[in-house]
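Working notes for the structure below.
Derivation of every value follows stated rules applied to the coordinates shown; laboratory data play no part. Note that this is a predicted model, so its numbers are computed, not measured. No Cβ is skipped: glycine too gets one built from the backbone with ideal geometry, and neighbour counts run over all protein chains shown.
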């Protein structure tokens, strides 16, 4: 074994320690062929790798990697062309000057391991520790036991479109403040980690800070924020004031933590200012802002507006039909447990979330030739959905595409191809409360010399027409009925003040249980939540929204 690398057995597992660039620790010929030779040729093996092969392959790969031999390590994978540059970049780009890798006992073909690395930049060094795992597979063409190459072997967050690099940060750090000047940190508010990264990438230079030296995970996608994995030297942060309310944010974080795979957003109706964004789990994909799922019956808020706009109803007390079932184009749609409401009013049908009432709107709109386009037009015209929102961070702004046939009927109850997230539906509730759409934003007025709610820089914000006064009043009456006597009343019982809500559940292919949705407002705060596989909206998503509204 060459100097700089040591392999020892510790507690029944091997330990790979590399301090330089030397490489050794195994017979290279056996590492490449599997060790069985007859007449100078390797015998091709078949079947899953044996425990011995898993142990040896993992040891040899990790020894080569830790020893600074990327080409040798790459040849021990099933994709050396892809593995070589990433393994080489571990030292040349990520600036890892030394690495100690401690594998745990193999679990079948998988070998977990801990990396204790040292990152060095121009004489400054700092330790970097993380865990990952590799899987050993049988090479199809050679029969060799090889590491199943994936970028995540090198680091669990590394993908085919990201890179590890160390150097002066591309943008200075940002000290994000809430609306009252309280600092927002990812440690205290983990759901804001991605949001803070996005704000830094977009506004770091404008906020007036100075960059430090960092190990970052950069993405080839320009809209994706860099993720700082290690800070070698601190930069000087610039201050950026946001519209987040630390108290509401804390309540949102606590609320989603009680429910697996949940997201919630809170918005101030009178301004569009985003008060809270929370996801569970808090790391990874920001479902609250970027999710694209059917919103279920919360979409009936928009469908109700469409029915009012086209004169299918005139107010909350208009008579409507709410039969147990209704058919359209050969498909039967039904209410939950096939309930029906004889002699129903629009208010009662909304509060009971009567599917058939809203689907029946399709016939008169078909006669007018607008059934497939009316919902989308109303959504854009009054609610700003599907427009290009300039929120300050990356968001998905909703989609209500034109439809036909049974898909149109499904869209009226929030199914079909309609896609929304918690931000979109919080904005819908806020629009009803305010009577006019205010594009959501996370930047306070003048936060970076322009932009933000109420600032001259908001000229680029998406805009929509104010609702006719009678439409806004009717929608508020409908949502008030849901919050006080309807399907949302149990969840909203704890919420005081002028309030309104709408429940929803959306069936998703491949899920046994539907996603739960809930949108509501109380005074000048609106919120919406989605819970994956949560079932009924009032039971799973409703308490999340109620907790956020109660924190205002």
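Cβ crowding within 10 Å ranks 387, 312, 146 as 387, 312, 146, fewest other Cβ atoms first.
Directionally averaged projected area (the stretch 247-541, Cα convex hull): 14.4 nm².
Given only helices, namely DSSP H runs of n ≥ 4 each adding -39500 (n - 2.57), what is the per-residue ellipticity at 222 nm of the chain, to the nearest 500 deg cm²/dmol?
Details: 19 runs with 159 residues, N = 552.
Calculated from helices alone, the mean residue ellipticity at 222 nm is -8000 deg cm²/dmol.
Over the stretch 92-171, all Cα pairs binned in 5 Å intervals from 0 give whole-percent P(r) values of 3, 13, 19, 21, 18, 13, 7, 4, 2, 0, listed from short to long.
Note on the stretch 375-527: Rg/Rh from C-alpha atoms, Kirkwood Rh, equals 0.98. Against the chain, whose longest principal axis comes from its Cα atoms, helix 80-92 is set at around 80 degrees.
According to the calculation over all Cα-Cα pairs in the stretch 388-439, the P(r) per 5 Å bin from zero is 4, 19, 21, 21, 19, 11, 4, 0 %. For the pair residue 469 and residue 141, label points projected 7 Å from Cα toward Cβ lie 7.7 nm apart.
Mind checking the angle between helix 469-484 and the chain's longest principal axis? C-alpha axes, 0 to 90 degrees, to the nearest 10. Result, in degrees: 70. Taking the longest Cα principal axis of the chain as reference, the axis of helix 300-309 is set at about 40 degrees.
Need the full-extension length gain, residue 188 to residue 523, defined as separation in residues times 0.36 nm minus the C-alpha distance. One decimal, nm.
On the way: separation 335, 0.36 × 335 = 120.60 nm, distance 2.73 nm.
Using 0.36 nm per residue and subtracting the Cα-Cα distance, I get 117.9 nm.
Under Stokes-Einstein, with the Kirkwood radius over Cα pairs as Rh, the value for the stretch 211-282 at 37 °C and 0.692 mPa s is 222 µm²/s.
Using only alpha carbons, the stretch 174-240 has a radius of gyration to Kirkwood radius ratio (Rg to Rh) of 0.94. Here is the tail figure for the chain: Cα pairs spaced more than 46 Å apart come to 30 percent of all pairs. Ordered by the count of other Cβ atoms within 10 Å of each Cβ, fewest first, 307, 425 give 307, 425. Shown here: the stretch 457-552, whose C-alpha atoms stretch 43, 32, 27 Å along the first, second and third principal axes, sorted largest to smallest.
Thinking of the stretch 115-262 as a set of Cα atoms, what percent of all their pairs are more than 19 Å apart?
Values: 6887 of 10878 pairs.
Of the Cα pairs, 63 percent sit more than 19 Å apart.
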